[in-house]
Every structure is written in structure tokens, then in C-alpha cells.
1. In a GNM of chain A with a 10 Å cut-off on Cα contacts, which of A:S12, A:S71, A:S86 has the highest mean-square fluctuation?
2. Per Stokes-Einstein, at 20 °C and 1.002 mPa s, what whole-number D in µm² s⁻¹ belongs to chain B, with the Kirkwood radius over Cα pairs as the hydrodynamic radius?
3. Top mean-square fluctuation among B:G42, B:G63, B:G16, Gaussian network model of chain B, C-alpha springs under 10 Å?
4. To the nearest whole number, what is the average tally of beta carbon atoms from other chains within 10 Å of the beta carbons of peptide B:38-51?
5. How high is the relative contact order of the range A:1-81? Use alpha-carbon pairs under 8 Å, at least six apart in sequence, and give a whole percent.
6. Karplus couplings for the range B:17-24 from phi (6.51 cos²θ - 1.76 cosθ + 1.60, θ = phi - 60°), rounded to Hz, Gly and Pro as x?
7. Highest mean first, what order results for B:90-97, A:51-58 on Cβ atoms within 10 Å?
8. When the Karplus curve 6.51 cos²θ - 1.76 cosθ + 1.60 is applied with θ = phi - 60°, which whole-Hz ³J(HN,Hα) does each residue of the range B:29-39 get, with x for Gly and Pro?
Amino acid sequence: SQQGEEDPQALSIQEGENATMNCSYKTSINNLQWYRQNSGRGLVHLILIRSNEREKHSGRLRVTLDTSKKSSSLLITASRAADTASYFCATAETSGSRLTFGEGTQLTVNP
Amino acid sequence: DAGITQSPRHKVTETGTPVTLRCHQTENHRYMYWYRQDPGHGLRLIHYSYGVKDTDKGEVSDGYSVSRSKTEDFLLTLESATSSQTSVYFCAISESADTQYFGPGTRLTVL
């Protein structure tokens, strides 16, 4: 069964707008990661947030983690057409363990 | 793609035939993983390796076997392919078992 569940399943926005994707999970985690997948390609790691962190930034990406609610959000600011991709959250239950991926959010950024 | 190649990139085979997919890395990373990606299921872990000759099962290991005789190569074998194994297969590598780096994928069709 999937550990992470992304919401929404699909999101369509205009260039320049912000995009927010959410991820919920079921068990205690050591860290949570976000990946991007362009059509027909492999996944690319975006950002990792550990269970003792609440917020992390990387360029136009902002990730939050609420362990009490077992949820995370990924915010992409000032979106670009090139951000069009599927975004997946993945959780690691213990350090050095396997990742469990959600089903992903398909983001479309319209020029 | 972080020094990861997968071969073949595309394969069409018939039910009941054996199939071997190869993942090759030039990064000398300790951990290697095989996933399958299907619509509605996200990425699911098949098998992974934490060192030469050290492997373990993932979420969907039935019908698959793996081998890792040297650090750079991780082979996935379908002993007798079935139509339910039609999928896109991704290999990933990791140094620390946190961030994973993915290969370009192999599209397998079992007729």
C-alpha cells in the first residue's frame, strides 16, 4: 500500500502563479522527499526534509512538514512552463531505509 | 542521470519468456533499487541491494529476482514474463540510502 498520498492528483495553473501540492502519510518517518518526473523520464530529486525540520527552501521551492498531522506541502513559486511535470512525495520510515512513493500530482503550467 | 544507464530502454517480449534488465552505475554508490511504475500506483519497490551480493525484497517482489555480483551492476530478471509485468521499470542508486538518483527507465511490454 502507498505510504504517501498526494493531493490534488492534477493541478493546472498559469505561468507566474504559485503551485501547492500536498502529501499525507500514515506512519512515523525519518525524512520526506519530493521528486519531479518529466514525461518519459526518470525521477529527479528536488528536496529532502527531515522529521525534526518544519520548513525548508531551495530556490523557488518551499517544503513544509507537519509531523503531528503527518503531512507535507510543496510550494513552487512563480511557476514556469518548464515546471510542468509530475511531482511525487516519498517517505523513509527510518534512516537508511527504503522509500515509499505516493502516486504523484500532475502539474501543468500554461504559458 | 547521475551516471546511471539502463538497458534495454525498450523491450517487447512474449508471455512465458525470461527477461533480464540491466542497471549500470558509474558512481560507486552502495545502494541500488528496482522499481516499477504503473498508472494509478506510482512507483513500487521490487527489490533493492545494499551491497555486492546483498539484496532484499521490496513491496512487489513476486515473479522477480535480482543479482548484484559487482558494485556497478544490478540485474532484474523476470523468470517467466506475464502480461501483468508490462510496466516501466526504473533503477535508482543512492550513496546514503536517503536521496536516490534514477535512471531513464525501461519500457517493457509482455504480449
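The values are calculated or read from the model by the stated rules, or taken from the named source; none is laboratory data. The shown structure was predicted, so the numbers you read here are calculated from the model rather than taken from an experiment. Quick reminder, even Gly has a Cβ in these numbers, built from the backbone with ideal geometry, and neighbours come from all protein chains shown. Side chains included, ligands, DNA and RNA excluded: accessible areas come from the protein's heavy atoms. Shrake-Rupley method; radii C 1.70, N 1.55, O 1.52, S 1.80 Å.
1. In this elastic network of chain A, the residue with the biggest mean-square fluctuation among A:S12, A:S71, A:S86 is A:S12.
2. On the way: Rh = 13.7 Å.
Translational diffusion coefficient: 156 µm²/s.
3. Its mean-square fluctuation being the largest, the pick is B:G42.
4. 3
5. Once divided by the residue count of the range A:1-81, the mean separation gives 33 percent.
6. Ordered by residue, 3J(HN,Hα) equals 8, x, 9, 10, 9, 10, 10, 10 Hz.
7. The most tightly packed comes first, giving B:90-97, A:51-58.
8. Values, residue by residue: 6, 6, 9, 9, 9, 10, 10, 10, 10, 10, x Hz.
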